[in-house]
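Before any comments, here is the structure.
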Amino acid sequence: MDSLESQFSNEQININLLPDYQAVDFQSISIKKQTKNFIQISIGLVFCLIGWGLLFYLAPPHWVLYLALGLVVVIFGLAYLNAFLLQSKYGYVIRDKDLIYRRGYLVTKTTVIPFNRIQHVSISRGVLDKALGISTLKIFTAGGQGSDVSIPGLLPDLAVKLKEAVAKKLTVEENE
């Protein structure tokens, strides 16, 4: 029993000696991501206003219709504000051994993905993405869907460069 205990060690780590993942210069995403969010919100707003207009035309005017219009304006106003505030909070950085992705302003979520956990990387572009000239870099990890990351609002050339950089890091990790 003593020989097993002498072979196994599980020393405590001084957390003050660990590197600070927040002490990096995050790269921001393209402002075109904000434009995409504004377009998506505007499409929803147009549909809600058309629905409200139909109700106003078909039903007798009532205070509830005006209350509903007020709620629509407030909700979509908050959605525009949210899209505006989120833009500056998106950020990513590639380091020697990992990739860090940050988003959110009220609740900031930062994900650190070691390269040895990444399974594969892909680039996706929807209809609006193509029209605006942006891409989303998708990083799939061994931890499952909850640990996968999508970095939106990247210019297509940058997305390809990042994909290649991550792929290169993956091959280096595999060879070590």
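The values are calculated or read from the model by the stated rules, or taken from the named source; none is laboratory data. Remember, it's a predicted structure, so these values are computed and weren't measured experimentally. Please note: Cβ atoms are built from the backbone with ideal geometry, for glycine as well, and neighbour counts cover all protein chains shown.
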Count of residues meeting criterion [β-branched (Val, Ile, Thr) and in a loop (DSSP other than H, G, I, E, B)] in segment 89-125: 2
Top-ranked residue of segment 80-125 - restricted to ones that are free of Cβ contacts under 8 Å to residues at least 40 places away in the same chain, touching a Gly at 6+ places or on another chain (Cβ under 8 Å) and surrounded by fewer than 18 Cβ atoms within 10 Å (Cβ to Cβ), ranked as nearest to Leu170 (Cα to Cα): Arg117
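In segment 126-146, what count of residues is obtained for those that are surrounded by 14 or more Cβ atoms within 10 Å (Cβ to Cβ), assigned to a helix (DSSP H, G or I) and not charged (D, E, K, R)?
Result for segment 126-146: 2.
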Residues of segment 105-138 classified as β-branched (Val, Ile, Thr) and at pLDDT 95 or above, total: 4
Whichever residue in segment 36-88 is outside any helix (DSSP H, G or I) and among the small types (Gly, Ala, Ser) and, among such residues, is nearest to Phe26 (Cα to Cα): Ser88
Tally, over segment 13-34, of residues that are in contact with a strand residue (DSSP E or B) (Cβ under 9 Å, 6 or more places away or on another chain) and assigned to a helix (DSSP H, G or I): 3
